[in-house]
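The values are calculated or read from the model by the stated rules, or taken from the named source; none is laboratory data. Given the structure is predicted, the values throughout are model-derived calculations rather than measurements. Here the Cβ positions follow ideal geometry from the backbone for every residue, glycine too, while neighbour counts run over all protein chains shown.
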Amino acid sequence: MYYSNKLDILMDIFGTENIKVEKECLTVNDKIYSIIDDVIILLDPAQYPESLSKRIKVNKSNIPTVDMEFAI
């Protein structure tokens, strides 16, 4: 796992010691972030590009929409 030895850096970045690194996700406090190809996905699921939604099998129809624009 790429992030397993980077726990101290992640704690600094997220400002908490309550972090758990797993193979496919990072849990910070109670928030779960997917990890795809060693990249932590910090986007809200409503903002996932279609290609990412398909890859991690997210059904966007069940996610409330976000009115903010974002770059892909």
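Points to keep in mind about this one:
- Any hit, the range 37-47, residues being of a type outside the set (Gly, Ala, Ser), on the phi > 0 side of the Ramachandran plot and touching a residue at least 24 places away in the same chain (Cβ under 8 Å): yes
Matching residues to (1) at pLDDT 90 or above; (2) out of contact with any Cys (no Cβ under 7 Å at 6 or more places or on another chain); (3) at negative phi:
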residue: ILE13; (1), (2), (3): yes, yes, yes
residue: ILE35; (1), (2), (3): yes, no, yes
residue: LYS54; (1), (2), (3): no, yes, yes
residue: PRO64; (1), (2), (3): no, yes, yes
residue: GLU69; (1), (2), (3): no, yes, yes
